[in-house]
């Protein structure tokens, strides 16, 4: 494998630093310095921090969303109504596959996504507009599987599922393949159980 290009080196450094410190905690100068490049390198390749973040998302998000859409297509094509666990697995499986294929590089990407999500620096509408037809398809499936839950509660719980899923995979999952697989199964059990919990005073 050849040496990474200047652009890839900047993306790798930015992904790592943003994942650890958040957008507000990292300056463009710091990224250039960490990459061992001139102060103008990042501006030359990306122009702004906003464009840099979009480039970071673009590295893996299209493949993730394509895989998720494929799983949702398969789920929607079933004759029987999908279960809550089945629906939530379409969120989890693409991330699990990515980590299995990409190792530490993929975990670093997950740490970035989790940090952006936790800091409210990841605009959900931007993701939906750029890569449509994936997460938004989950709400109708989850409502069909949970007809007693109002849409607002389904959406609220889905947000919690996404946050916990990212946190667990980015920071808590074992690095061995056997441990990782067991962790994923336990995580899916927990996410499903939480989603199916009785509703008491949640947002209307």
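The values are calculated or read from the model by the stated rules, or taken from the named source; none is laboratory data. Predicted, not measured: the structure shown is a model, and the values here were computed from it. All Cβ positions, even for glycine, are placed from backbone atoms using ideal geometry, and neighbour counts span all protein chains on display.
Residues in region 97-114 that are crowded, with 20+ Cβ neighbours inside 10 Å and within 24 Å of residue 195 (Cβ to Cβ): 98, 99, 110, 113, 114. For region 20-30, the count of residues that are exposed (fewer than 14 other Cβ atoms within 10 Å of the Cβ), free of Cβ contacts under 8 Å to residues at least 40 places away in the same chain and more than 24 Å from residue 111 (Cα to Cα) is zero.
Among the candidates 139, 154, 184, the residue that is part of a helix (DSSP H, G or I), out of contact with any strand residue (DSSP E or B) (no Cβ under 7 Å at 6 or more places or on another chain), surrounded by fewer than 18 Cβ atoms within 10 Å (Cβ to Cβ) and at pLDDT 90 or above is uniquely 139. Could you tell me whether any residue of region 39-51 is crowded, with 18+ Cβ neighbours inside 10 Å, in contact with a helix residue (DSSP H, G or I) (Cβ under 9 Å, 6 or more places away or on another chain) and not in a helix (DSSP H, G or I)? No, region 39-51 contains no residue that is crowded, with 18+ Cβ neighbours inside 10 Å, in contact with a helix residue (DSSP H, G or I) (Cβ under 9 Å, 6 or more places away or on another chain) and not in a helix (DSSP H, G or I). Within the set 82, 94, the sole residue that is assigned to a helix (DSSP H, G or I), touching a residue at least 12 places away in the same chain (Cβ under 8 Å) and assigned by TED's automatic domain parsing to the domain that holds residue 113 turns out to be 94. Would you point out the residue of region 61-79, among those that are without any contact (Cβ under 8 Å) to a residue 24 or more places away in the chain and outside any loop (DSSP other than H, G, I, E, B), that is surrounded by the most Cβ atoms within 10 Å (Cβ to Cβ)? Restricting to residues being without any contact (Cβ under 8 Å) to a residue 24 or more places away in the chain and outside any loop (DSSP other than H, G, I, E, B), the top hit is 71. Does residue 34 satisfy being part of a helix (DSSP H, G or I), at pLDDT below 95 and surrounded by fewer than 18 Cβ atoms within 10 Å (Cβ to Cβ)? Against the criterion (part of a helix (DSSP H, G or I), at pLDDT below 95 and surrounded by fewer than 18 Cβ atoms within 10 Å (Cβ to Cβ)), residue 34 qualifies.
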